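A short worksheet on the structure shown next.
The values are calculated or read from the model by the stated rules, or taken from the named source; none is laboratory data. The model shown is predicted, which means the values in this text are computed figures rather than measured ones. Every residue, glycine as well, gets a Cβ built from its backbone with ideal geometry; the counts of neighbours run over all protein chains shown.
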């Protein structure tokens, strides 16, 4: 028995369907694996906005920096602040700090401040300070470093075994994001922009 060959119209429709499916696959791949490029605007905003929450007011603290000067969080109200808890013993904390520093230097003149609270468990206060100073010198970071302890971590609702962890505070002193675990420079920049330009 002789098989019927497909008509020209059937072949045309088959080609059209294949082309549409290919276009859909390419579009799906692009959306999945390629991030949107930064928007061309005067304030250098990117199109990757990080959704912010409202987690209540940030607890105030008075903590010494590495030179013994007291830093009070509430005195920085009016700025977007990233409070980062870290320790010299925490490898992922140390890995992400240069990325954070690049973002800090880019936005510090636009109303952004970064305070990294070091938690070190050596019982000798002088040794604690030396360990932190040594790591800060190795990293070459330029943002504010202060000495803290578990009680400060707990006042934010965190635990030192979950380092690194950070809290984004808006200009009104409200915690808008809690971040547990290390992130890259792109994430930190998108987060800071989300708060600065909301």
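Sort through 102, 45, 35 and tell me the only one that's under 17 Å from residue 192 (Cα atoms), modelled with pLDDT under 95 and surrounded by 10 or more Cβ atoms within 10 Å (Cβ to Cβ).
Criteria check complete, one pass: 45.
Scan 162, 172, 190 and give me the residue that is within 19 Å of residue 61 (Cα to Cα) and surrounded by fewer than 21 Cβ atoms within 10 Å (Cβ to Cβ).
Matching residue, one of 162, 172, 190: 172.
Output the residues belonging to region 74-95 that are farther than 12 Å from residue 114 by Cβ, part of a helix (DSSP H, G or I) and touching a residue at least 12 places away in the same chain (Cβ under 8 Å).
Listed by number, the residues that qualify are 74, 92, 93, 94, 95.
Check off (1) within 19 Å of the chain's Cα centre (by Cα); (2) surrounded by fewer than 19 Cβ atoms within 10 Å (Cβ to Cβ); (3) modelled with pLDDT of 95 or more for residue 155 and give me the number that stays unchecked.
(1)
Which of the residues that make up region 169-182 are in contact with a helix residue (DSSP H, G or I) (Cβ under 6 Å, 6 or more places away or on another chain) and closer than 20 Å to residue 97 by Cβ?
Hits for region 169-182 are 180, 182.
Of these, 51, 64, which one is loosely packed, with under 10 Cβ neighbours inside 10 Å and either at pLDDT 95 or above or under 19 Å from the mean Cα position of the chain (by Cα) (or both)?
So the residue among 51, 64 that is loosely packed, with under 10 Cβ neighbours inside 10 Å and either at pLDDT 95 or above or under 19 Å from the mean Cα position of the chain (by Cα) (or both) is 51.
Let me confirm something: among 127, 135, which residue is touching a helix residue (DSSP H, G or I) at 6+ places or on another chain (Cβ under 9 Å) and more than 22 Å from residue 72 (Cα to Cα)?
The match here is 135.
Count, please, the residues in region 77-89 that happen to be over 19 Å from residue 168 (Cβ atoms) and crowded, with 18+ Cβ neighbours inside 10 Å.
Qualifying residue count for the region: 2.
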